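Have a look at the structure below before the remarks.
The values are calculated or read from the model by the stated rules, or taken from the named source; none is laboratory data. Worth saying up front: this structure is predicted, and the values here are computed from it rather than measured. Every residue, glycine as well, gets a Cβ built from its backbone with ideal geometry; the counts of neighbours run over all protein chains shown.
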Amino acid sequence: MTETTGVTRTGVTETTGATEATRGTGSGGGTVARPVILTVDDDPGVSRAVARDLRRRYGENWRILRAESGEDALEALRQVRLRGEQVAVMVADYKMPGMSGIQFLERAMDVFPFAKRVLLTAYADTEAAIAAINVVDLDQYVLKPWDPPEEKLYPVLDDLLSAWKRQERKVIPAAKLIGHRWSARSAQLREFLARSRVPYVWYASDSPEGERLLAAAGTDGRQLPVLITDQAEVLIDPSPGELAAKVGLATIPDREFYDLVVIGGGPAGLGAGVYGASEGLKTVVVEKNVFGGQAGQSSRIENYLGFPDGVSGGDLTHRARLQAVKFQAEMVLTRHVTRLDLDGLTRTVVFDDGTSVSARSVILATGVIYRQLPAVGCDALTDRGVYYGATLSQATDCAGCDVYVVGGANSAGQAAVNLAQKAGAKTVTMLVRAPDLTQSMSYYLIEQISAIDNIIVRPCTEVVETAGEGHLERITLRDMKTGATETVDCGQLFVFIGAEPRTDWLGDAVARDSRGFILTGPDLAAQHLEGWPLERPPYHLETSVPGVFVAGDVRAESAKRVASAVGEGAMAVMLVHRYLEQL
Ligand SMILES: Cc1cc2nc3c(=O)[nH]c(=O)nc-3n(C[C@H](O)[C@H](O)[C@H](O)COP(=O)(O)OP(=O)(O)OC[C@H]3O[C@@H](n4cnc5c(N)ncnc54)[C@H](O)[C@@H]3O)c2cc1C
């Protein structure tokens, strides 16, 4: 094995422990290029030392590039991308003149969004590194000096590289979705694809490329949206179910009878799926939309155990879904449950198309959904500029725009930070009914928001009207102290005003409280238990029907947190076992 080292015209040095022959071109050379680990440090000594240590351990399978300024490193990234190659990890020194490590990583994210980001810092700069976690979605920071690398550098890199490998990098040909920018159907499908992690590229139907694709697909564009799959199949205005089936996601349960049916694929349902299947129960999780639930819409969950740097809700729930599949839980989406039938010891879950699946036990994990904004004209503009939640697919349209967020709780705060920093909104105005954020938002988030220049908080303000031709164009705001109203231009309004359970479909099947939350165990009063057939009282998470359990936000008096939902999912499975043993 020869070692070659050379300075390229970008001022970037390539250090490699592999021969030219294995390096490959990635574009017709017949060999696949090794993914890159890039380091940037303005101190040549440190820069060489990092590259040397990286090369020693990773040089054989990864290509190590080193640069001595942010500009050089960015240029190198662009060249790597032009060659169609991949960057797995970027390690940047925090303190560099000209462009700091954080600034570099922020710009590098545009070129290689999936590359893992590491900041190299001195001990004294640890706080800045922690602050950068939010700015650039930092994956890790490493303290200088990192000796011995076996203890302080390699374990970090090993973890990141294996996470990057798991990440299904997007060399996969992507599906193409063509639609009208302000169409609610387009918004729903974009959200569905994004949250299901199906790679796709979005084209506005009136853009030159959109028109070209529609013509190539043989459609006149009158019926939109149109999906062209990576196999070049054309689907015109598909339902989420058709779309899911076409991109290889399961929409029909394999069996007719299970030990356990879990309804809802949020954290509670995913927790129940993982624990049910891993403990030997034939388990199916049915979800009406996509997996992830509310948590899937959270840009960064900071309080989930084991993730000191936070984790995006999408990532967390995606991993949970993979974990459930690993244990052979069946994960079925786009199936809306509309009825629960009880027949002796059989519990039957009926879907909206009349088909059904039966089991010996059921866990209800249907969570809550956003409350609708009570403003004039709002219903007609939902998904046409008025959005409940703020997911990546909607946020991508916000660059350079003045957008509004309604609500003053953590979910609204996280969305505002995300829109201001990642989606590139020009300004984000938070409309809050309360006099300030302290009553409803965590202290750390209030601090974060006050440090971001393009977030404006408007207290004592409510939205009374939304208007626009076909899509949102204006909103009318009312000052709750003076009653004065003001109409402002607004193309995107993201609403986070609390949530409520949607449990009407259960009818009288199980006892619920006056707000619709499901009662369990000690919360069930005598009148709820008139038909209770067993001598023992209901278990802690058991409803007024034996063998039907509840986990997560939909349970009366639940904590409304990701960790508690996951925990209840696991605990409900333990109680299912206890119930089944007694049958
Ligand atoms: C934007 C945002 C940010 C948040 N941030 C945090 C945070 O930082 N930390 C934290 O601890 N908590 C956070 N939360 C709260 C947390 O996400 C919830 O407590 C958690 O998701 C509850 O999980 P769950 O599984 O009980 O319900 P949900 O997450 O609501 O999931 C329920 C699932 O059931 C499905 N479903 C509903 N009805 C049916 C039906 N009839 N048939 C089939 N499927 C059905 C839904 O589509 C949904 O996917 C946040 C919430 C939001 C909205």
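For the reader, a short list of remarks on this structure follows.
- Condition check for VAL488: of a type outside the set (D, E, K, R), surrounded by fewer than 20 Cβ atoms within 10 Å (Cβ to Cβ) and part of a loop (DSSP other than H, G, I, E, B): no
- Of all the numbered requirements in (1) surrounded by fewer than 22 Cβ atoms within 10 Å (Cβ to Cβ); (2) under 30 Å from ALA277 (Cα atoms), GLY424 misses one, and that requirement is (2).
- Residues satisfying the stated conditions in segment 300-348, i.e. in a loop (DSSP other than H, G, I, E, B) and more than 27 Å from ALA131 (Cα to Cα): PHE327, GLN328, ALA329, LEU333, THR334, ARG335, HIS336, GLY344, LEU345
- Verdict on THR348 being of a type in the set (S, T, N, Q), surrounded by fewer than 24 Cβ atoms within 10 Å (Cβ to Cβ), at pLDDT 95 or above and within 12 Å of the ligand (Cβ to nearest atom): no
- Residue pairs meeting the criteria (Cβ under 8 Å; at least 6 apart or on separate chains; first more than 14 Å from GLY276 (Cα to Cα), in segment 358-369; second near the ligand (Cβ under 10 Å from one of its atoms) and basic (Lys, Arg)): THR366/ARG502; VAL368/ARG502; VAL368/LYS560; ILE369/ARG502
- Qualifying residue in segment 58-67 (condition: in contact (Cβ under 8 Å) with a residue 40 or more places away in the chain, hydrophobic (A, V, I, L, M, F, W, C) and touching a Pro at 6+ places or on another chain (Cβ under 7 Å)): yes
- Of the residues making up segment 465-477, those that are crowded, with 17+ Cβ neighbours inside 10 Å and either hydrophobic (A, V, I, L, M, F, W, C) or touching a strand residue (DSSP E or B) at 6+ places or on another chain (Cβ under 6 Å) (or both) number 6.
- Annotation note: Cβ proximity below 8 Å between a residue of segment 446-469 that is free of Cβ contacts under 8 Å to residues at least 60 places away in the same chain and on the phi > 0 side of the Ramachandran plot and a residue that is surrounded by 15 or more Cβ atoms within 10 Å (Cβ to Cβ) and β-branched (Val, Ile, Thr) (sequence gap 6+ or interchain) occurs for CYS460/VAL432.
- Looking only at residues of segment 302-326 that are charged (D, E, K, R) and in contact with a Leu (Cβ under 8 Å, 6 or more places away or on another chain), we find that the one that is farthest from the ligand (Cβ to nearest atom) is ASP309.
- Scanning segment 327-337 for residues that are among the hydrophobic types (A, V, I, L, M, F, W, C) and away from the ligand (no atom under 13 Å from the Cβ) yields a count of 2.
- Only residues that are assigned to a loop (DSSP other than H, G, I, E, B) and within 19 Å of VAL576 (Cβ to Cβ) were counted across segment 512-534, and they come to 6.
- For beta carbons closer than 9 Å, sequence separation of 6+ or different chains, a first residue in segment 263-290 that is on the phi > 0 side of the Ramachandran plot and a second that is near the ligand (Cβ under 8 Å from one of its atoms) and among the polar types (S, T, N, Q), the qualifying pairs are GLY264/THR366.
- When segment 542-557 is filtered for residues that are in a loop (DSSP other than H, G, I, E, B) and either farther than 16 Å from GLY264 by Cα or without any contact (Cβ under 8 Å) to a residue 40 or more places away in the chain (or both), the ones remaining, listed by number, are THR543, SER544, VAL545, PRO546, GLY547, ALA556, GLU557.
- Scanning segment 549-574 for residues that are closer than 16 Å to SER361 by Cα, within 16 Å of the ligand (Cβ to nearest atom) and surrounded by fewer than 24 Cβ atoms within 10 Å (Cβ to Cβ) gives ALA570, MET571.
- Verdict on ILE263 being under 30 Å from GLU568 (Cα atoms), buried (at least 20 other Cβ atoms within 10 Å of the Cβ) and hydrophobic (A, V, I, L, M, F, W, C): yes
- Check on GLY280, at pLDDT 95 or above, under 30 Å from GLY310 (Cα atoms) and either within 15 Å of the ligand (Cβ to nearest atom) or surrounded by fewer than 24 Cβ atoms within 10 Å (Cβ to Cβ) (or both): no
- Residue count for segment 109-129 under the criterion of being closer than 20 Å to ALA420 by Cβ and touching a residue at least 60 places away in the same chain (Cβ under 8 Å): the result is 0.
- Flag for GLY498 being loosely packed, with under 15 Cβ neighbours inside 10 Å, under 21 Å from GLY313 (Cβ atoms) and within 16 Å of the ligand (Cβ to nearest atom): yes
- Candidates are the residues of segment 241-277 that are closer than 23 Å to LYS560 by Cβ and hydrophobic (A, V, I, L, M, F, W, C); the one that is nearest to the ligand (Cβ to nearest atom) is ALA268.
- Given (1) more than 14 Å from the ligand (Cβ to nearest atom); (2) not in a loop (DSSP other than H, G, I, E, B), number of the condition TRP505 does not satisfy: (1)
- Given (1) of a type in the set (Ser, Thr, Tyr); (2) exposed (fewer than 15 other Cβ atoms within 10 Å of the Cβ); (3) assigned to a strand (DSSP E or B), index of the condition TYR444 fails: (3)
- Once segment 286-301 is narrowed to residues that are of a type outside the set (Lys, Arg) and more than 6 Å from the ligand (Cβ to nearest atom), the residue that is nearest to VAL417 (Cα to Cα) is SER299.
- As a summary of the residue check, PRO238 satisfies the conditions (1) in a loop (DSSP other than H, G, I, E, B); (2) surrounded by fewer than 17 Cβ atoms within 10 Å (Cβ to Cβ) except for the one numbered (2).
- Just one residue in the set SER299, SER312 is buried (at least 23 other Cβ atoms within 10 Å of the Cβ) and either among the small types (Gly, Ala, Ser) or under 16 Å from the mean Cα position of the chain (by Cα) (or both); that residue is SER299.
- When the strands (runs of 3 or more DSSP E) confined to segment 353-429 are screened for residues that are within 16 Å of the ligand (Cβ to nearest atom), closer than 30 Å to LEU342 by Cα and out of contact with any Lys or Arg (no Cβ under 7 Å at 6 or more places or on another chain), those reaching at least 3 such residues are found at 356-364.
- Of the residues making up segment 185-192, at least one is touching an Asp or Glu at 6+ places or on another chain (Cβ under 8 Å) and within 16 Å of the ligand (Cβ to nearest atom).
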